[in-house]
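Asker: Below are the structure tokens for one structure; questions will follow.
The values are calculated or read from the model by the stated rules, or taken from the named source; none is laboratory data. Not measured: the values here are computed from a predicted model. So basically every Cβ, Gly included, is an ideal-geometry build from the backbone, and we count neighbours across all protein chains shown. Protein only, heavy atoms only, side chains kept; ligands, DNA and RNA dropped before computing areas. Shrake-Rupley method; radii C 1.70, N 1.55, O 1.52, S 1.80 Å.
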Amino acid sequence: MATEERKKEILEKLRNAVIQYDEDTAKEYSQAALDEGLEANDAIFNGLVSGMVEVGKMFEAQEYFVPELLMCADALYAGLDILKPHVKQLDLGVKGSVVIGTVEGDVHDIGKNIVKMMFDVAGFTVYDLGRDVPLDKFVAEQLRTDSDLVCLSAMMTTTMTGMKKVIDDLRKKNPHVKIMIGGAPVSQDVADKYGADGYAKDATNALKDAINMIESLKKMKDEVEAKKAK
Amino acid sequence: MKTSLKRELLDHGATVVGIAGLRGYLSGEIAHLDRAVSIGVDRKLNEDTLALLTRLQKRTVRFLKARGHRTLAIPPDSDRRKGTFISKLYSLFNHKMAATSAGLGWIGKNGLLISPGHGPRLSLATVLTDAPMRPDVPIEHCLCGECVLCIEHCPSQAITGAKWSRSSPFTELVRLGACRSHKTSKRQTEGKPNCGLCINICPYGRRLGTEAITRQNKQDITAKAQRTQR
């Protein structure tokens with residue numbers, strides 16, 4: 001078992017590896033964390049993710065630009081790949097599954113992938129449909145996997161309109177499913193107009209919103225079941 | 001800084017190293033990294049060129065990061081891991097553009113980077129950075145002269161014979177469709193898509209001795225001219 005000091009050092013190294021987009025160090029210290037008996041959970045959240053949070057701040061402050069952000073995400077995944085099989089239990093209170101994809105006609109999936117990463121990190125089961133996804137496929141996949149959440153992404157105003165159709169279809173088939181949308185042309189106004197439950201400005205917000213949504217969804221399901229029981 | 005970086009890379013196996021100033025040449029996402037360290041390694045058979053290029057790239061990244069600069073390593077074209085976040089941005093960038101801007105060579109009639117000393121026999125990797133190094137002098141025009149060996153030897157007549165210049169980068173030098181279909185049929189008959197005649201035949205940097213070839217080439221050209229005169 002590592003001493004407190006050593007533990008701190010490993011977490012700091014993991015954090016810096018993500019900030020400094022250094023995949024090799026991320027791998028090295030993820031392995032060290034496992035070898036020296038740190039909790040995988042601890043290493044992910046207090047190491048890798050804490051680094052990514054800092055990266056998010058630097059991105060907002062325009063200290064980092066898109067390439068740095070992407071390389072940081074790669075470094076995080078490099079560590080996550082090593083740590084994830086050893087995660088015992090995630091202590092976020094909620095667990096859920098999510099269907100995610102970029103809508104038909106749109107091949108821009110960088111934003112979608114970063115949101116997906118946050119779900120991965122938080123221990124959600126992610127069904128990633130990829131990019132340029134036919135609109136019907138979202139509905140079919142939601143029904144197949146009985147996911148709590150569907151996330152739609154569009155980067156262009158021309159493809160954004162496709163999200164409206166998916167939302168309408170989903171509502172018809174399953175009124176309880178929660179739907180989040182995101183992407184450059186999307187705003188709160190658009191989300192309201194299309195009837196989405198949430199709109200995410202960026203990946204961190206997407207995760208927070210998602211957790212809130214699933215909580216409310218679970219509550220709703222419980223209430224329905226409680227009524228049935230009566 | 002520039003000299004010591006070059007020295008370090010050359011000491012560790014790089015064949016040529018140049019610094020390119022790329023302000024105004026890069027697309028928005030990567031425009032803040034406007035210097036490029038262009039690294040060329042002579043392709044020798046039986047040698048692991050890719051591994052060497054990767055090592056040199058990592059060395060460059062470490063060198064620049066240690067001095068507080070940003071880096072974005074663009075791996076060799078033949079060694080691109082798919083599925084990473086950053087790999088989406090690789091297509092925004094062209095190694096040959098950096099190499100000509102760094103004065104390592106020009107784009108020959110065969111569409112490849114021709115280095116005066118090594119011909120089309122270099123494998124390239126690039127590290128983009130914001131380190132303020134003084135750029136080397138770019139090569140502006142094609143220096144192939146009257147040589148048409150690659151055009152004559154191309155089995156699919158794909159080479160148009162147009163001349164490259166740095167100011168008109170989108171001239172069609174090679175009919176890619178023709179080149180590709182030749183390689184596809186080669187793959188079907190021989191199992192490997194290898195062609196590379198336009199590389200082998202190029203007199204620049206050829207091991208047989210540049211002089212002998214160019215002399216031969218000159219004789220060919222004069223003979224041809226005489227024939228047509230008759």
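Asker: What whole-number distance in Å separates the alpha-carbon centres of segment B:148-188 and segment B:25-82?
Answerer: 27 Å
Asker: Another question about this same structure. Once you place label points 7 Å from the Cα toward the Cβ at B:Thr171 and B:Ser27, how far apart are they in nm?
Answerer: Result for the modelled spin labels: 2.5 nm.
Asker: While we're here: Can you compute 3J(HN,Hα) from phi for each residue in segment A:33-40, using the Karplus curve 6.51 cos²θ - 1.76 cosθ + 1.60 with θ = phi - 60°, rounded to whole Hz and x for Gly and Pro?
Answerer: 4, 5, 4, 9, x, 6, 5, 4
Asker: Which percent of the accessible area of the protein assembly as shown is formed by carbon and sulfur heavy atoms (probe 1.4 angstrom)?
Answerer: 51 percent
Asker: Okay, next question. By the gyration tensor of its Cα atoms, with a ≥ b ≥ c the square roots of the eigenvalues, what is the shape of segment B:1-96: rounded for a/c under 1.5, prolate for a/b over b/c, or oblate?
Answerer: oblate
Asker: So, one more: How far is helix A:66-83 tilted, in degrees, relative to the longest principal axis of the Cα atoms in chain A, given as a value from 0 to 90 rounded to the nearest 10?
Answerer: Helix A:66-83 sits at roughly 70 degrees to that axis.
Asker: Also: To the nearest 10 Å², what's A:Ile44's accessible area with a 1.4 Å probe?
Answerer: The accessible area comes out at roughly 10 Å².
Asker: Which order do peptides B:176-183, B:105-112, A:135-142, A:45-52 fall in by mean Cβ count within 10 Å, highest first?
Answerer: Final packing ranking: B:105-112, A:45-52, A:135-142, B:176-183.
Asker: Scale the Cα Rg of chain B by the rule-of-thumb value 2.2 N^0.38 Å and send over the ratio, two decimals.
Answerer: 1.08
Asker: Related question: Can you give the Kirkwood hydrodynamic radius of segment B:79-138 from its Cα pairs, in Å with one decimal?
Answerer: When all Cα pairs of segment B:79-138 are included, the Kirkwood radius is 13.0 Å.
Asker: Taking every residue in B:32-39, how many Cβ atoms of other protein chains lie within 10 Å of its Cβ, on average?
Answerer: 1
Asker: May I pose another question? Quick check on chain B: helices-only [θ] at 222 nm, where DSSP H runs of length 4 and up contribute -39,500 (n - 2.57) each and the sum goes over total residues. Nearest 500, please.
Answerer: That calculation yields -10500 deg cm²/dmol at 222 nm.
Asker: Take the cross-link list A:Lys165/A:Lys193; A:Lys193/A:Lys219; B:Lys2/B:Lys163 and give me the ones stretching past 23 Å between alpha-carbons.
Answerer: In this structure, A:Lys193/A:Lys219; B:Lys2/B:Lys163 exceed 23 Å between Cα atoms.
Asker: Counting other C-beta atoms within 10 Å, and keeping those with at most 15, which DSSP coil GluC sites (Glu not before Pro) do you find in segment B:1-81?
Answerer: Taking segment B:1-81 and a limit of 15 other Cβ atoms within 10 Å, the loop GluC sites (Glu not before Pro) found are B:Glu47.
Asker: Follow-up question, since we're still on this one. Hey, what did chain B get for relative contact order, percent, Cα under 8 Å, at least 6 apart?
Answerer: 20 percent
Asker: How much accessible area is lost when chains A and B come together, counting both sides, with a 1.4 Å probe, in Å² rounded to the nearest 100?
Answerer: Chains A and B together bury approximately 1500 Å².
Asker: Among DSSP bridges having both ends in the protein assembly as shown, what percentage is antiparallel? Round to the nearest 5.
Answerer: Taking every DSSP beta bridge with both residues in the protein assembly as shown, the antiparallel ones total about 55 percent.
Asker: For segment A:154-170, what does the Karplus curve 6.51 cos²θ - 1.76 cosθ + 1.60, with θ = phi - 60°, yield as ³J(HN,Hα) per residue in whole Hz, taken in order and with x for Gly and Pro?
Answerer: Coupling constants for segment A:154-170: 8, 10, 10, 5, 6, 8, 4, 4, x, 5, 4, 5, 4, 4, 4, 4, 4 Hz.
Asker: Something else now. Assuming R0 = 41 Å, what is the FRET efficiency of A:Ala61 and B:Val137, from their Cβ-Cβ distance, to the nearest 0.05?
Answerer: Step by step, r from the Cβ atoms, then E = 0.65.
Asker: Say a paramagnetic label sat at a point 7 Å from the Cα of A:Asp222, along Cα to Cβ; which residues of segment A:158-188 have their backbone N under 19 Å from it?
Answerer: A:176-178
Asker: So, how do all the Cα-to-Cα distances of the protein assembly as shown break down into 20 Å bins, in percent, from 0 on up?
Answerer: Binned Cα distances yield the sequence 20, 43, 29, 7, 1, 0.
Asker: Mind checking which helices in chain B clear 15 Å along their axis (Cα) and have mean Kyte-Doolittle hydropathy of 0.0 or more, DSSP H runs only?
Answerer: In chain B, the long hydrophobic H runs are B:49-66.
Asker: Right, another one. So how tilted is helix A:203-229 from the main axis of chain A? Cα-based, degrees 0 to 90, rounded to 10.
Answerer: Its long axis makes an angle of about 60 degrees.
Asker: Projecting each Cα onto the charge dipole of segment A:94-209 (Lys/Arg +1, Asp/Glu -1 at the beta carbon, about the Cα centre), which of A:Asn174, A:Ser153, A:Leu129 comes out farthest on the positive side?
Answerer: My answer, from the dipole projection, is A:Asn174.
Asker: Still on this structure, I have one more. Provide a whole-number value for the mean count of partner chain Cβ atoms within 10 Å of the Cβ atoms in peptide B:4-15.
Answerer: Neighbouring Cβ atoms belonging to other protein chains average 0 per residue here.
Asker: Here is a further query. Report the per residue volume, in Å³, of the convex hull enclosing the C-alpha atoms of chain A.
Answerer: For chain A, the hull spanned by Cα atoms encloses 130 Å³ per residue.
Asker: Using the structure shown, select from A:Lys84/A:Lys137; A:Lys27/A:Lys178; A:Lys8/B:Lys82; A:Lys27/B:Lys65 the pairs with a Cα to Cα distance greater than 26 angstrom.
Answerer: Over 26 Å Cα-Cα: A:Lys84/A:Lys137; A:Lys27/A:Lys178; A:Lys8/B:Lys82.
Asker: Next question. Ignore the peptide's own chain and count Cβ atoms of other chains within 10 Å of each Cβ in A:58-71; give me the average, rounded.
Answerer: 4
Asker: Then there is this: Take B:Ser4 and A:Glu5, extend 7 Å from each Cα along the Cα→Cβ direction, and tell me the distance between the two endpoints in nm.
Answerer: With each label point 7 Å from Cα toward Cβ, the separation is 3.2 nm.
Asker: Sticking with this structure for a sec: In nm, to one decimal, how far is the modelled label at B:Ser78 from the one at A:His86, with both set 7 Å along Cα→Cβ?
Answerer: Simple spin-label model gives 3.7 nm for this pair.
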